[in-house]
Structures are given as structure tokens and as C-alpha cells.
Amino acid sequence: MIDTENLTKKFGNLTAVDQLSIHVEEGEVFGFLGPNGAGKTTTVRMLCCLISKTSGEASIAGYDVDKEADSIKIRKLIGYVPDNVGLYDELSAYDNLDFYGKLYDCTEAQRKENIQRLLTMLGLWEKKDVAAGTFSKGMRQKLAIARSLVHDPQVLFMDEPTANLDPEASKTVRDFILDLKKEKRTIFLNTHNLDEAKRICDRIAILNTKLMAVGTPEELERSISGKKTEIQLDQVNDAIIATLKRLPLGNIAADGNKLIINVTNPEKENPIIVNAIVRAGGHIQSVIVVGSTLEDAYLKLVKQIK
Amino acid sequence: MRLLKSWIIASKDFKVFFKKKNIIYSIFIVPLIVSILFPAVVEFAWHRNGASGIPGSVLTILLPAFTFFYLILAGMIPTTIASYSIVGEKVEKSLEPLLATPTTDGEILFGKGISAFLPPIASILGGAVLYMVLMDLITYATLGYYFFPNWNTGIVLFLLVPLAVVMSVEWNVIISARVSDVRVAQQVGVLLMLPFGGIYVAGELGLINLGVASNLLIITGILLIIDVLLLYVAKATFRREEILTKWK
């Protein structure tokens, strides 16, 4: 549904997005993770035909984002929730959505049906005649999401949809995205909320100007950071650490009387580690294998580029 | 270009404007005041001069000059509405979702143009009609005929005023790219009334005879050329990528 090949955007000498190649399947929820300034919004803007690419290729449902004739077709296919909601504060919730429905060529009957359905789903139907300017942040965000769906798009681009929302409003928005997932819509979600990405997304790409990694949340957790063995001792001393450092292991860190060792194959490596500690005179209290998190993977990849 | 799309955008703008009372006041109150004030001045002067009133020869110079004041209003009034229409949307960040809809830059620009053109033109022409009726009632006794309507006034109201409103709208689109505050946009936008004020003063000083149709048509031609040039610049300014990446 969404394809890019070496997609690049430069602003003067600054490269905002560098040779990005991704493929998003129809019905997939695709998370786009990255720090501020990683090029996430720039990528979404290019895919939504809002700004031009410098080089490379990008298409939505086979339509080329760079062709003027295709760009109108793409905009009909997609819904867009920008990071700033950008509502018309003086207009009611209903009028905000109705205006966009008209721009998307929806008939009056379609507009009425879709607006009622969306506002009801998002718990805003009772407030349909209230000016959007009086809404709370969470309500405004929900209204912006409803606006992006008023024409029933196949593809939805969301730029930080839960940023600056309180936990309750964030959960409502997340649950709504999960409902959309059940409707088999393709969702491209820009976020730097790792927990949100893990809960919602089928696959995640980590971007820091360049594409750092792409995969399911589990794949990223496994393949990028591996696992950790945490060994609680009655006392950690230099002899134990020196002994362990002679072994072909990953990073070894001491946290009080706990050793945290990066391992790739704990079943094979842990017996060797335990044996080495005992030989060095250590007294082991417990051994725990901890899987690395998406956060570990993310931080590791983002640090690499720095 | 699909005119319906532009009309949808303009209709939305009208809805927003009618909820902002300060916009309504600034668009409709000023022409109304001017339209009552000038006849009131003539009426006051007529009473002060007693039975002699204002001589007909003076009135025939004064009335076209007063009419020309509507051209100054045409350069000033659209600023309020155009600044809210474009800079207001920029400040409220509502341009980006609008640009993501299946509308072309030209359709959005034309829609913004309609919404910034129609209310001022309606207000100015409405005020001008009131002015002409009141002036005719006041001056009939002196002149012995109804001074308005006449061809020169027709040129001013139906050629010069619309062209000046268009110029003001285009000028506001151009400055919208450079400012990020509605009030600053209005302050810069209103500078456009200065050349029109200059023409008015030149007319009063006798440097240009604004009562001659040929002179008015020359000014019309100059305005038309400037409008076309400004349209070119405004279109180049109002492009999706420029708005999202370069506008302040």
C-alpha cells in the first residue's frame, strides 16, 4: 500500500530524510519511531503530497506522490492527522467535519452518516453543536482524528496522535486506533511513544534521518539488543569481573551486587558464566534472564547514529 | 480549477467571519460611517453658510473627490478579512490539514480570495449607494439635478474599487508568508491604502483631475497591470511546500 525506495528530502544542505526504503502492507499498522528531528514528519508530509521529494521514489496504492495528477488521487485515498490538530475553533464539531466532508466530495447523506458514526465512536456526539475552541486537548485530538476519517480513507497517517494528552485521553485514542486496525485500514503512525508503538503496531521502523531498523516489535527486541542475564551475588569484586571479562561475552555492568551481562544465547552462555563466577570465589544468590525491551533497541540504534 | 471547491472554502470562511464580531464591525461599520459622515459634513456646511449654501461649482468638485474615498476603503478593508483568512489559519495551524485535502493550491487561493473579496465589496458598494442617495437628497436643491449616479462614479465603484480590493487581497497573501501575527499582517496590509490616499490628495491638490473619465480609466489600467503582477507573485507564494516549510 505504501512504498518508498531511496526516498530523500534535503532542505538546502540539511538532509532531513536519507534514502528511506520501506514497504507497508494493506491493513498494516506501521509505526515510525525516531527522536525529534529524525525526519518522521517530513516523511509523512512527502507521502501525503504536501512537500516534494528531493530524490528517490514513493507511492501510495500505486500512485506516484510526485505526479500532480496522482497527488489528488492520493489525497482522496488518505486521511491525515497532523501533529497540530488545526481545528476551526469558531465552528462546531459537526461543522468542522462537514467542511472536510464537502472537500472530499462526500454526499450530504454520506457526511451525515459518517459524522454521526465517528462522533459517536469517539464520544463527541453530544457535543456536536459546541464550538471546537471550547474543547479540551483530548477532545480536540479526537475531533482531528474524526476529521481525518470523515471520507472513509483507506490509509491513515497520524503524526504523534497522543502527544501532550493525559493518560486517559491517550488510552481512548489508542483504543480507537485499535478499532481502526480491526477495520483493516492501513495506518502509518508517527510516534516517539515506544509503549504505544509496541501495543498498536504490527511493524515498527526506527528512523534517525536514515532507516535504522524495521521489523515487528518482538523482532526488534530480539535481534537488536539480544537478552541480558542478571546475576545477584552476595558481593561483587574485581576478581569476578576480571574473570568474566576474559570470556567472550557482551557488555558487563555492575549495579551494586548485581551483574548485568548482555548475552546472545543464554542457554549456552549462562552455565559458563556461573561456572566462572564460582571459580573466582563468588557466591551466587540468583540468576535471571531478562529479555531486552523495545526501548533498549531504540536507544541503542539512536545512539549508534549519534 | 474546480470552482465548487473554492466556494466550499469561501463559505467556511464566511461562517468563521460571522462568529468574529470584530471582523464584522471593521468591514461594515467604517463604510457606513463614511457614507453618513460626508453627507453630514455637506449638510452642516450648507446650514452654516445660511441661504447661500455651498456653491454648485464647489459641489461638483467635492462630490467626485468624496467618491474617490471609497477607493481608499477598498485598499484598507480587505486587510482585516484577508489577514484572518490566511494568517489566522496559519497561526491556528489549520492550513496543513486543509492542504492535505484533494484541492489544488489554486483552488484554496481562489477560495481565500472570494472570502476576502465579497464582504468588503458588498460593504463598500452598499455604503456608496447610501452615500449617493443622501448626497442627492442634500444637493438637489443647490444643483437642480441629481448628481449621482454618473459615469465617473460608475468607473470608480465598478472598476477601480473591485481592482483595488483584488490588489489588497493579493498583497495580503504575499505578506502572509512573512508574518505570523494577524495584527502585524493588518498593520502591514493597510499600507496599501497609502498610494490610493496619495491619488486622492493629488486630486484634491489639482495635480490629477479625478472628475475626468479618461484619467480614471488610466488609473484603472495601471491597477489592472499591478493586479496581474501581484497575482503572479501571490500564486508563487501560496504553494503547499512554501507554506509548510518556508512561511514563518
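Read the figures in this text as sums done on the coordinates, not as results from a lab. Computed from a prediction, not measured in an experiment: that's the story for all the values here. Ideal geometry is used to build each Cβ from the backbone, glycine not excepted, and the neighbour counts take in all protein chains shown.
To the nearest 0.05, how large is the calculated FRET efficiency for B:Ile61 and B:Glu241 if R₀ is 60 Å and r is the Cβ-Cβ distance?
That gives a FRET efficiency of 0.70.
Within 10 Å of each Cβ in peptide A:82-92, how many partner chain Cβ atoms are there on average? Round it to a whole number, please. Show your work: numbers first, answer last.
Numbers: counts 8, 2, 6, 5, 10, 4, 10, 5, 8, 4, 1.
Mean partner shielding for this stretch: 6.
Please state the shape class of segment A:73-114: rounded when a/c is under 1.5, otherwise prolate if a/b exceeds b/c and oblate if not, all from the C-alpha gyration tensor.
Because a/c hits 1.5 or more and a/b fails to exceed b/c, segment A:73-114 counts as oblate.
Mind ordering B:120-133, B:138-151 by average Cβ neighbours within 10 Å, highest first?
Averaged packing, sorted descending, gives the order B:120-133, B:138-151.
Could you calculate the FRET efficiency of B:Val41 with B:Val228 from 1/(1 + (r/R0)^6), where r is the beta carbon distance between them and R0 is 51 Å, rounded to 0.05?
Calculated value: 0.85.
What is the fewest-to-most order of A:His23, A:His151 by other Cβ atoms lying within 10 Å of their Cβ?
The fewest-first ordering by Cβ neighbours comes to A:His23, A:His151.
Apply the Karplus curve 6.51 cos²θ - 1.76 cosθ + 1.60, θ = phi - 60°, to the phi angles in segment A:49-63 and return the couplings in whole Hz, x for Gly and Pro.
6, 8, 10, 8, 8, 8, 7, x, 10, 8, 8, 10, 6, x, 8
Within 10 Å of each Cβ of B:100-108, how many other protein chain Cβ atoms are there on average?
For this peptide, the per-residue mean of nearby foreign Cβ atoms is 6.
Could you run the Karplus curve 6.51 cos²θ - 1.76 cosθ + 1.60 with θ = phi - 60° over segment B:230-236 and give me ³J(HN,Hα) per residue in whole Hz, x for Gly and Pro?
5, 4, 4, 5, 4, 5, 5
Counting residues in segment B:3-245 as N, plug N into 2.2 N^0.38 Å and put the Cα Rg over that result.
1.11
Would you work out the charge dipole size for chain B about its Cα centre, treating the Cβ of every Lys and Arg as +1 and the Cβ of every Asp and Glu as -1, and quote it to the nearest 20 debye?
Numbers: 18 positive and 14 negative charges, 147 e Å.
I would put it at about 700 debye.
For segment B:163-187 and segment B:47-106, what is the separation of their C-alpha centers, rounded to whole Å?
12
Each residue of segment A:31-38 in turn: what ³J(HN,Hα) in whole Hz from Karplus with 6.51, -1.76, 1.60 and θ = phi - 60°, glycine and Pro shown as x?
Going residue by residue, I get x, 10, 9, x, x, 4, x, 6 Hz, with x marking Gly and Pro.
Once the Cβ-Cβ distance between A:Thr134 and A:Lys300 is put in as r, and R0 is 56 Å, what FRET efficiency do you end up with, to the nearest 0.05?
Once rounded, the FRET efficiency stands at 0.80.
Checking the a/c ratio against 1.5 first, then a/b against b/c, what shape does the Cα gyration tensor give for segment B:1-46?
Since a/c reaches 1.5 but b/c is at least a/b, the shape of segment B:1-46 is classed as oblate.
Could you tell me how many degrees, from 0 to 90 and to the nearest 10, lie between the Cα long axis of helix A:137-149 and the main elongation axis, the longest principal axis, of the Cα atoms of chain A?
So the helix axis and the longest Cα principal axis differ by about 70 degrees.
So what is the orientation-averaged projected area of the protein assembly as shown, using the convex hull of its C-alpha atoms, in nm²? List each step's numbers first, then the result.
Details: hull surface 136.9 nm².
That works out to 34.2 nm².
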